[in-house]
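Just below is one structure, and these are the notes that go with it.
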Amino acid sequence: MIDNDWELIDLVTGYQPAAAITTAHRLGVFSVLGRAPTPVGDLAAELEVDRSNLAALLEALVGIGLLERDGARYAATPYTVDRLGPGGEMGLVVAKEAVFAGAWSRLDEVVTAGRPVMEPWRSQLDTNPEQARAFLEALDVLARIGGPPLHELDDLTPGKQVLDVGGGLGTYACLLAEAGSYVTLVDYPLVAGWASEELEGTGVEVVGVDLFEHPSCGVPPGSMDAALVSHLIHDLTEERAVGLLRRVRSAITPGGLVVVNDFAGDSGPGAFGALFDVMMRVETGGAAHSRATLESMLAGAGFERIRRVPYDDPLAVYTGVRPGGG
Ligand SMILES: C[S@@+](CC[C@H](N)C(=O)[O-])C[C@H]1O[C@@H](n2cnc3c(N)ncnc32)[C@H](O)[C@@H]1O
């Protein structure tokens, strides 16, 4: 429970460090300081920005703990150089959050009108493919640093035919192929093209199709030993999610397994799941479904023996079996 004004003030000013970090990233502060410590005047000249306000921003970033002051020069910390400097992959996550911060500033519209403020993903692919790809690259980073080790699940590896449904750029597909499975990734055609580039040489097959326009997700019915549905259910309403899971069931052989990897609205810690739920309503019109709803959706799509894989919160990974088989 919040029971003092300073905690509340910390929460409502949370936009400030976020804006300082995303702005510094966008202006190129971390890239330049990631190469070498630099005096503020030289940095302002290189970035073509106001010296005094840049100095204020740099001081804030020292306070936040991403930069250090070394005499007259500012320097990136070892973490900042590695993760936000040139080639640092957390830059992708920072850029993604900068886009979403704009959408969250319209949360009142979302709550009032009951619909997201972001364009549907399918039209984002047409209107802003660069931003869409950058978003998927950020998801790839997040899956690698915080995703569950699905490639260690016995039912997915080794030697299994596994369908990665809405596999994005193929983080899990690649890990599963490395663990010895025969993986087919299916996604929208444009994303499938990007995934093919990323997955070259891994042996992963890639199929470009709209999952809702094919009865068994772009592969022959019953052709897969297992299917992974990772971070896709939360983009969908309950009804659409059940519809998708039915198509996934058709792709799997009787006795085969579905694995759903998601965040549930009632996953902790703290408000994590609840805020993730709000995020889905802002961005996609889906929802972070509760754990009970994830289970009931799997049952509604015709899966049985539904179990939660015992990963720690906030991971919500469920498996279900297509009835039939031996
Ligand atoms: C949030 S991303 C998750 C990517 C990846 N599975 C992961 O766990 O990081 C959702 C993915 O599903 C794909 N997708 C969503 N709806 C789809 C549809 N109707 N047909 C094909 N792909 C779809 C998106 O293009 C995107 O790559």
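Residues that are away from the ligand (no atom under 15 Å from the Cβ), modelled with pLDDT under 95 and assigned by TED's automatic domain parsing to the domain that holds residue 158 do occur in the stretch 256-267, at least one of them.
Residues satisfying the criterion are absent from the stretch 188-210 (criterion: touching a Lys or Arg at 6+ places or on another chain (Cβ under 8 Å) and within 25 Å of residue 158 (Cβ to Cβ)). Looking across the stretch 142-152 at every residue that is assigned to a helix (DSSP H, G or I) and more than 10 Å from the ligand (Cβ to nearest atom), the one that is farthest from the chain's Cα centre (by Cα) is identified as 152.
Residues satisfying the criterion are present in the stretch 6-21 (criterion: assigned to a helix (DSSP H, G or I), of a type in the set (Gly, Ala, Ser), in contact (Cβ under 8 Å) with a residue 24 or more places away in the chain and open to solvent by 40 Å² or more (accessible area, probe 1.4 Å)). Exactly one residue among 97, 89 is open to solvent by 60 Å² or more (accessible area, probe 1.4 Å) and under 26 Å from the mean Cα position of the chain (by Cα), and that residue is 97.
You will find that of 58, 33, the residue that is within 26 Å of residue 140 (Cβ to Cβ) and either assigned to a helix (DSSP H, G or I) or open to solvent by 30 Å² or more (accessible area, probe 1.4 Å) (or both) is 33 and no other. Of all residues in the stretch 229-255, those satisfying the criterion of being charged (D, E, K, R), surrounded by fewer than 21 Cβ atoms within 10 Å (Cβ to Cβ) and away from the ligand (no atom under 11 Å from the Cβ) are 238, 239, 246.
Note on the stretch 153-173: among residues that are more than 16 Å from the ligand (Cβ to nearest atom) and free of Cβ contacts under 8 Å to residues at least 60 places away in the same chain, the one that is least open to solvent (accessible area, probe 1.4 Å) is 157.
State which residue is farthest from the ligand (Cβ to nearest atom) when the search covers only the stretch 178-188 and only residues that are open to solvent by 20 Å² or more (accessible area, probe 1.4 Å) and of a type in the set (Gly, Ala, Ser). Checking each candidate, the answer is 180. Just to be sure, is residue 270 among the small types (Gly, Ala, Ser) and surrounded by fewer than 17 Cβ atoms within 10 Å (Cβ to Cβ)? Answer is yes for this residue. Annotation note: of 140, 126, the sole residue that is in contact with a Leu (Cβ under 9 Å, 6 or more places away or on another chain), farther than 29 Å from residue 314 by Cα and outside the structural domain of residue 41 (by TED's automatic domain parsing) is 126. Residues in the stretch 203-228 that are within 9 Å of the ligand (Cβ to nearest atom) and assigned to a strand (DSSP E or B): 208, 228.
Checking each residue in the stretch 102-125 for being within 12 Å of the ligand (Cβ to nearest atom), assigned to a helix (DSSP H, G or I) and either charged (D, E, K, R) or open to solvent by 50 Å² or more (accessible area, probe 1.4 Å) (or both) picks out 121, 122. Scanning the stretch 300-309 for residues that are surrounded by fewer than 20 Cβ atoms within 10 Å (Cβ to Cβ), within 21 Å of residue 171 (Cα to Cα) and assigned by TED's automatic domain parsing to the domain that holds residue 210 turns up at least one hit. Within 13 Å of the ligand (Cβ to nearest atom) and either touching a helix residue (DSSP H, G or I) at 6+ places or on another chain (Cβ under 9 Å) or closer than 25 Å to residue 318 by Cα (or both): does that describe residue 99? Taking the combined requirement at face value, the residue does not satisfy it.
The values are calculated or read from the model by the stated rules, or taken from the named source; none is laboratory data. All values derive from a computational prediction rather than experimental measurement. With ideal geometry, Cβ positions are generated from the backbone for all residues, glycine too; neighbour counts draw on all protein chains shown. Accessible surface areas use protein heavy atoms only, side chains included; no ligands, DNA or RNA. Shrake-Rupley method; radii C 1.70, N 1.55, O 1.52, S 1.80 Å.
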